[in-house]
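The values are calculated or read from the model by the stated rules, or taken from the named source; none is laboratory data. Quantities reported herein were computed from a predicted structural model and do not represent experimental measurements. Positions of Cβ are generated from backbone atoms using ideal geometry, with glycine treated the same way; all protein chains shown enter the neighbour counts. What goes into the accessible areas is simple: the full protein's heavy atoms, side chains included, and nothing from ligands, DNA or RNA. Shrake-Rupley method; radii C 1.70, N 1.55, O 1.52, S 1.80 Å.
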Amino acid sequence: MTASTHASPANADASGIPGGTSPVLAEVVRSGFVEGLHRGSLVMLAADGSVEFALGDPAAPVYPRSANKPMQAAAVLRAGLELSGERLALAAASHSGETFHLDLVRKMLAEFGLPEDGLQTPPDLPLDPVEAESYLASGQVRDRITMNCSGKHAAMIAACAVNGWDTVTYLAPEHPLQRLVLEVVERVSGESVAHVGTDGCGAPLMALSLTGLARAFRGFVVAEPGTPERAVADAMRAHPEYVAGTRRPDTWLMSEVPGVLSKMGAEAVQAVALPDGRALAFKIDDGAGRALGPVLARALAMMGVEAPVLARIAEQPLLGGGQRVGEIRAAF
């Protein structure tokens, strides 16, 4: 299949955002008063891949943002790059910029004889606010390797190097690696990519429906052992601290609920697959990341997941005068 830029669906405005009013997925409650709403769409798949529950319009295309990273990691394996363990988890990561993340990115580059300045990630601070404060306090400045996608980019450059592909134009949509990424995305999602844009890190960004995104995550956990997709899922689940970071919900969930595959994306996108093949994906329309945890915890509870970590993920307090006076809570 080849990428195409489809016209916006009939129920969408010029931006591509579905028209009409999406259902409320989360409420902002301060001092017992609902002061804000976060709307969006959500889909849950049964173990056989059929749609079991849906809110909003999960058939409309969205940019999954970093929730596409497992598919990009599978593509570098299909390109012949040999990665496993922590390195493969980091290739699918939106890492927090903790020291162990940055050390491994540097090791990966060195192992393939690649220079740090070959990364085309935009210079950035660590994604985790605590790490960012520490990083700045130590006198360091924004760097390409600190950007949360540097593990993915290191793997992409390495895949180019082992194939003799150009390592300067590796982010171009027509580059052999990015064409392979497109093929993987379309195959595992079971649908044609609706639009190709540019992600925050500069890589091509493939739009999918939320149903297609959930289907892709399901495909990773039920894939046959030894396949690239299963290898990525297994690496992420075995080394979740490299997928996100020590203070991040994706890491908590994969660490504390056996067999779960979880990955967030910017602009409030989340995809999860359970080991039995059930899966979910959702997007908050306004991109508010603060709504991710409460919505994710509620959706997983609806799917029968019982684990103390759900309360931790759902916790999103509102403060007034330094004291808790409310919360953001799921509304479905």
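Computed from the C-beta positions of VAL51 and GLU256, the FRET efficiency with R₀ = 30 Å rounds to 0.65. Three semi-axes describe the equivalent ellipsoid of region 218-286; taken as square roots of 5 times the Cα gyration tensor eigenvalues and ordered largest first, they are 20, 15, 10 Å.
Each Lys and Arg Cβ is given +1 and each Asp and Glu Cβ -1; about its Cα centre, region 178-241 then shows a dipole of about 100 debye. The alpha carbon gyration tensor of region 235-326 gives principal lengths a ≥ b ≥ c with a/c of 1.5 or higher and a/b greater than b/c, which makes the shape prolate.
Each of HIS95, PRO308, VAL162 was placed along the dipole of the chain (beta-carbon charges, centred on the mean Cα), and the one lying farthest toward the positive end is PRO308. Entry comment: accessible area of the chain is 40 Å² per residue, from protein heavy atoms only and a probe of 1.4 Å. Averaged over residues, the count of other Cβ atoms within 10 Å places the peptides 86-93, 72-79, 30-37 in the sequence 86-93, 72-79, 30-37, highest first. Overall, the accessible surface of region 60-129 at a probe of 1.4 angstrom is composed of carbon and sulfur to the extent of 51 percent. Annotation: peptides 300-306, 242-248, 121-127, ranked by per-residue average of other Cβ atoms within 10 Å with the highest first, follow the order 242-248, 121-127, 300-306. Here's the list of lysines a cross-link from LYS283 could span, going by alpha-carbon distance under 30 Å and ignoring same-chain residues fewer than 8 apart: LYS69, LYS152, LYS263. About its Cα centre, the dipole of the chain is roughly 280 debye, where the only charges are +1 on Lys and Arg Cβ and -1 on Asp and Glu Cβ.
ARG312 contributes an accessible area of around 110 Å² to the protein surface, as traced by a 1.4 Å probe with all chains present. The charge dipole of region 192-312, taken about the Cα centre with unit charges on the Cβ atoms of Lys, Arg (+1) and Asp, Glu (-1), comes to about 160 debye, rounded to the nearest 20. Expressed as a whole percent, the accessible area of region 231-275 that falls on carbon and sulfur atoms is 58 (1.4 Å probe).
Net length available on complete extension from SER134 to THR227 is 29.5 nm, with 0.36 nm assigned per residue and the Cα-Cα distance removed.
The orientation-averaged projected area of the convex hull spanned by the Cα atoms of region 110-201 comes to 7.3 nm². Label-to-label distance for THR169 and GLU315 is 5.1 nm, based on points extended 7 Å past Cα in the beta-carbon direction.
Rounded to two decimals, the Cα-based Rg/Rh of the chain, with Kirkwood Rh, is 0.96. Per atom type, region 160-229 shows carbon and sulfur on 53% of its accessible surface, probed at 1.4 Å.
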